[in-house]
Amino acid sequence: MYPTLFSYAPLTIHSYGVMVGIGILIAIYVLRQNAQQLGVPPNLVVDLALFVVFLGFLGARIFYVGLYWDYFRAAPLEIIQIWKGGLVWYGGLAGGLIGFYLFTWFKRLPLMALLDLFVPAVALAQGFGRMGCFLNGCCFGIKTNVPWAVQFPFSDHSIHPTQLYESGFCFVLAGFLFLLWRSRLRPGLVSFTYFLAYPAGRFFLEFLRGDNPHVFGGLTRPQLVSLGVVVVSAVLFTIWSSYGAARVRRTS
């Protein structure tokens with residue numbers, strides 16, 4: 001746990017913000033490199049990425065503040081202190097998707113093809129973000145005696161480094177999605193793979209988390225949201241697959 005990388009009044013550099021920033025910069029670099037293969041100007045992809053990042057952060061923070069409103073109501077100035085952590089990924093996903101749709105609609109860009117381009121980079125950025133969570137000490141795991149357990153200053157026992165578990169999962173998922181994207185399969189397949197795989201992985205990793213309370217049936221709120229995302233993605237994937245098959249039959 002190393003939440004502060006550097007501090008010299010009045011400047012304080014937080015490790016969480018640095019890792020998130022590194023993840024975003026690397027993701028944007030990858031997007032620029034791959035954009036030309038779609039015939040889309042790299043600068044336009046960067047503009048889209050920045051717009052998505054802005055609305056994603058906004059959505060992630062709004063969801064987090066909503067979850068802990070009793071705390072923030074008593075300390076409203078902390079709402080804007082995003083560099084200390086406090087983001088909900090699914091809130092960021094909702095905000096980012098809204099921004100993605102609005103930008104591609106306004107610019108008349110191919111939504112699914114660009115979404116396929118983006119999701120591997122998103123998974124990559126997530127991996128760095130979870131490393132920031134580890135340094136910050138948030139999103140920690142339950143008590144354990146495994147050899148690789150860690151101990152944070154706020155805990156009197158060893159716990160699972162769930163942040164690193166998810167970081168590794170995201171990096172592996174990003175690599176798989178990049179390979180899938182380079183295979184030039186039907187537009188949308190890479191996106192649906194992400195929206196099915198990530199929440200499924202998050203659902204199981206959540207059993208090792210020690211910071212989220214159980215709210216229904218022994219499940220945490222992120223697990224319930226993950227199940228919802230998987231179900232909706234599976235339904236949309238089925239509709240999308242059926243539509244594609246029907247179109248192939250009509251043209252054959």
Identify which of Leu227, Leu185, Leu102 has the largest mean-square fluctuation in a Gaussian network model of the chain, with springs joining Cα atoms closer than 10 Å. Leu185
Cα-based shape type of the range 53-155, given that a ≥ b ≥ c are square roots of the gyration tensor eigenvalues and the cut on a/c is 1.5: oblate
Amide H to amide H, which residues 5 or more places from Thr4 or on other chains are under 5 Å from it, using H placed in the peptide plane? Ser15
How tilted is helix 221-251 with respect to the longest principal axis of the chain? Cα atoms for both, answer in degrees (0 to 90, nearest 10). 10 degrees
Given (1) 13.5; (2) 14.7; (3) 16.5 as candidate values of mean projected area of the Cα convex hull in nm², which corresponds to the one derived from the coordinates? (3)
Can you list residues from other chains, or at least 5 along the same chain, whose modelled amide H is less than 5 Å from the amide H of Thr220? Val215
Choice from Pro120, Pro222, Pro147 showing the highest fluctuation, given a GNM over the chain with Cα pairs closer than 10 Å: Pro147
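Do the sum for the chain: with -39,500 (n - 2.57) for every DSSP H run of n ≥ 4, divided by all residues, what is the mean residue ellipticity at 222 nm, to the nearest 500 deg cm²/dmol?
Working: 8 runs with 167 residues, N = 252.
My calculation for the chain gives -23000 deg cm²/dmol from helical runs alone.
Give the relative contact order (percent, whole number) for the chain; include only Cα pairs under 8 Å separated by 6+ residues.
19 percent
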Please name whichever of Leu50, Gly39, Met1 sits farthest to the positive end of the charge dipole of the chain, dipole taken about the Cα centre and charges placed at Cβ: Lys and Arg +1, Asp and Glu -1. Gly39
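If you place +1 on the Cβ of every Lys and Arg, -1 on the Cβ of every Asp and Glu, and leave all else neutral, what size is the dipole of the range 4-251 about its Cα centre, to the nearest 20 Debye?
Details: 17 positive and 8 negative charges, 189 e Å.
Charge dipole of the range 4-251: 900 debye, to the nearest 20.
Every number here is computed from the coordinates shown, using simple stated rules; none is lab data. Here the structure is a predicted model, which means the values were calculated and not measured. Quick reminder, even Gly has a Cβ in these numbers, built from the backbone with ideal geometry, and neighbours come from all protein chains shown.
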